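The values are calculated or read from the model by the stated rules, or taken from the named source; none is laboratory data. It should be emphasised that the depicted structure is a prediction, and the values quoted were computed from it without experimental measurement. Please note: Cβ atoms are built from the backbone with ideal geometry, for glycine as well, and neighbour counts cover all protein chains shown. Accessible surface is based on the protein model in full, side chains and every heavy atom, while ligands, DNA and RNA are left aside. Shrake-Rupley method; radii C 1.70, N 1.55, O 1.52, S 1.80 Å.
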Amino acid sequence: MGVIFSLGIVLALVLVVTVGVEVLKLDFFFGVVVPYVTLATFLGGMVYRIMHWGRSPVPFRIPTTGGQQKSLPWIKPSFLDNPSTALGAAARVASEVLLFRSLLRNTKAELREGPRLTYHWEKWLWLGGLLFHWSFFIILFRHLRYFTEPVPGWVSFLEGIDGFFRVSLRAVYITDVLFLVAVTYLLLRRLIIPQVRYISLPADYTPLFLLLGIGISGVLMRYFWSVDVAAVKELALGLITFRPRVPEGIGVLFYIHFFLVCALAAYFPFSKMVHMAGIFLSPTRNLPNNSRAVRHINPWNYPVKVHTYEEYEEEFREKMKMAGIPVEKEG
């Protein structure tokens, strides 16, 4: 049911923008109003989430560890898996963000005949996640050519490397292919593997269908039904400079693509995708594990009224003597 519900949401979004542009002629609404509302929602949601995370107390060191902690001089510590310095913690966060190191080391346990417990390396999940995130990242930077004039040289350089493969005279972007393959794999993995399907919710399927819709509509515009690129750039430059203008003849396919992007961006701060920012604020990743070298005291500790043993003995000395309990102070 979660799959059908999520797919229905995305198809409904496509239907809304199609009817709005083709029938109701709401080009200005979908080309100007929607992206500005999306930007406000995205920024407001991200600020709220970051402030909420920032207010969460972390009085003790709680990093996730997977290696030897630094202790005695002759014991070699693990620099990345159990960092004891800020540099090591930063390197671990960088390895997670850029290479998904913990996912690379992830294993899957299965109970087979015997009974026998076996472990498998989840290399395909790591590869699919890596291809998806890096392809998405490069595609986002490629799109900066629509929001800048003149286009920065490094954007053109990146675009040239990405589109080195050509069919006839048209460049085929490698990241377009990898993006669609990776998203399709991540979606099929949730549908095919029973254990993953059991724990999957609409919140897991909806972003994947949105991403798939964005990728398919983008590929259709790029290779099959071309749009007026000059008009698209004029719209983008007007939005980024806060002088919006909607040119004629952009086409409904672009508005479908653009509206799905806006829907994904507006949903981003309230979804699981917000881990993109959360990983930098996670105390299990960004804290060095130096508990054996530095004493960490809870700064939120409040004074507690205690009843010392001296006070206890003063209060019950006579009764303790009568019961034969030794006391430290006579009299």
Could you identify which residue out of F259, F209, F224 has the top mean-square fluctuation in a GNM of the chain using Cα springs shorter than 10 Å? F224
Which ³J(HN,Hα) values in Hz, rounded to whole numbers, follow from the phi angles of the range 44-55 under the Karplus curve 6.51 cos²θ - 1.76 cosθ + 1.60, where θ = phi - 60° and Gly and Pro get x? x, x, 5, 4, 4, 5, 5, 5, 5, 5, x, 7
GNM result for the chain, Cα springs below 10 Å: residue of V14, V34, V58 fluctuating most strongly: V58
The percentage of the accessible area of the chain (probe 1.4 Å, all protein chains present) made up of carbon and sulfur atoms, to the nearest whole number, is 69 percent
With a point put 7 Å past each Cα toward its Cβ, work out how far A277 is from H52 in nm, to one decimal. 1.1 nm
To the nearest 10 square angstrom, how much accessible area does V32 have with a 1.4 angstrom probe? 10 Å²
Per residue, how much accessible area does the chain have with a 1.4 Å probe, in Å²? 64 Å²
Only four residue types carry charge here, +1 at the Cβ of Lys and Arg and -1 at the Cβ of Asp and Glu. Report the dipole size of the chain about the Cα centre in Debye, rounded to the nearest 20. 680 debye
Over the range 243-331, the quotient of the Cα radius of gyration and 2.2 N^0.38 Å is 2.76
Treating the angle as unsigned and between 0 and 90°, give the value, to the nearest 10°, between the Cα long axis of helix 123-142 and the longest Cα principal axis of the chain. 60 degrees
What's the Cα-based Rg to Rh of the chain, Rh via Kirkwood? 1.16
Among V306, V37, V274, which one shows the biggest mean-square fluctuation in a GNM of the chain, springs joining Cα atoms closer than 10 Å? V306
To the nearest 0.05, what FRET efficiency results for V23 and W74 with a Förster distance of 56 Å applied to their C-beta separation? 0.15
Taking only Cα atoms, what is the 0 to 90° angle, nearest 10, from helix 309-322's long axis to the longest principal axis of the chain? 40 degrees
Using θ = phi - 60° and the Karplus relation 6.51 cos²θ - 1.76 cosθ + 1.60, list the HN-Hα couplings for the range 28-39 in order, rounded to whole Hz, with x at every Gly or Pro. 5, 5, 7, x, 10, 5, 4, x, 5, 5, 4, 4
Pairwise label distance in nanometres, N298 with V16, each label 7 Å out on the Cα-Cβ vector: 4.6 nm
Here the residues of the range 146-189 lying in the modelled label zone of L127, meaning backbone nitrogen under 20 Å from a point 7 Å along Cα-to-Cβ, are 174-189
On Cα atoms only, tilt of 252-267 relative to the major axis of the chain in degrees: 10 degrees
Sorted by accessible area (1.4 Å probe), largest first, how do Y119, Y312, Y205, Y302 line up? Y302, Y119, Y312, Y205
How large is ³J(HN,Hα), in whole Hz, for each residue of the range 14-20 in order, when computed from phi with the Karplus curve 6.51 cos²θ - 1.76 cosθ + 1.60 and θ = phi - 60°, using x for Gly and Pro? 4, 5, 4, 6, 5, 5, x
